[in-house]
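Q: First the structure, then my questions, so here it is.
Nothing in this text is a laboratory measurement; each read-out follows from the coordinates by a stated rule. Bear in mind the structure is a predicted one, so any value in this text is a computation, not a measurement. Note: ideal-geometry Cβ built from the backbone for every residue, glycine included; neighbour counts use all protein chains shown.
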Amino acid sequence: MKRYLILFVLLAGFIPAIFLQAQPKFIINQPHGKVLAPAIDYITEAPIIDGTIDPQVKELPERKFNYIFVDDSKRKPVEISYRIAYGAEFLYLFIDVQSNELVTRDRSYQNGDGLLIMINTPAVPGNKPTEYYWLGFGPREGKDNYKFIWGYNNSFPFEPLSDRTKFAINKEEKKYSYEILLRWEDIPPYHPWATENIAINMGFIKAIGQTGMDFYMLVSDPDPEKVFTVYTLMDFKQPTSTVKPDLFITSDRRHREIGEPIDLTVTGIAQTKAKNTINVKIFAKDKSLI
């Protein structure tokens, strides 16, 4: 059975204050065919997350953002590309920025240079999603990089992502790169083998000068009020028959109240019948093991 991921894309839409602050006046349309085509590659092993590109990552298709919002049509925007893949335990992103200036503003995840990702359950067409994660990534001066859950459904937990989710930046002479390994376990119930439809909103913010910003997006709409309804369907390549057995367990939601049942979904892949042991750990709000 084919599994699909819906990529719900427009950064300025889910953080409208950013859009209004920068007030971009021009949209540069640079279509590259079907958004997110070809299908997302499956990789068995997680790359080493250090901000540099691994040999297996180089083999992934290099993709472009289809739209750029800028405030000066005469200025050539910075070239930014990305590669994307998935595994049984993670979603992987490698972003290449052709600029010798890595800008670290306050709250860089929204002011530049940063990345915002929204992962959510698709809503009725025309409506805003009510089940979602907002994830922020960006550099910080003298501290660990931003890597956290900004929003979860109707709350703003500002909760760090787990240590198993990795984010690294590598700066070279004329470019820099962001590398992210997002663990599915950090964003339950979402997983491409267990969830029929997942929506994800992704956008890169490139700081320009003292206060300017350019927004790089995959799918866009000239009307900022419609951005919640803009997304694209993305399917994953099926793992090949030569991959090693993989198993994943996900809960139907992130938190439970006392007395509520816990629903788990187990999904996996193997060439032949295999026996495996499943260990489940339950943690309290203070992260102590129950």
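Q: Could you tell me the center-to-center distance, by alpha carbons, between the range 46-96 and the range 146-201 in angstrom?
A: Each part reduced to its Cα centre gives a spacing of 14 Å.
Q: Across the range 102-109, in residue order, what do the Karplus-derived ³J(HN,Hα) couplings come to in whole Hz, using 6.51 cos²θ - 1.76 cosθ + 1.60 with θ = phi - 60° and x for Gly and Pro?
A: 3J(HN,Hα) across the range 102-109, in whole Hz: 8, 8, 10, 8, 4, 6, 4, 4.
Q: Place the peptides 166-179, 129-142, 82-95 in order of packing, highest mean first, counting for every residue the other Cβ atoms within 10 Å and averaging per peptide.
A: Descending packing order for the listed peptides: 82-95, 129-142, 166-179.
Q: Cβ neighbours within 10 Å, averaged per peptide: list 42-50, 206-214, 109-117, 275-283 in order, most packed at the top.
A: 109-117, 206-214, 42-50, 275-283
Q: Between residue 50 and residue 284, how many nm apart are label points set 7 Å from Cα along the C-beta direction?
A: Each label point lies 7 Å from its Cα, and together they span 4.1 nm.
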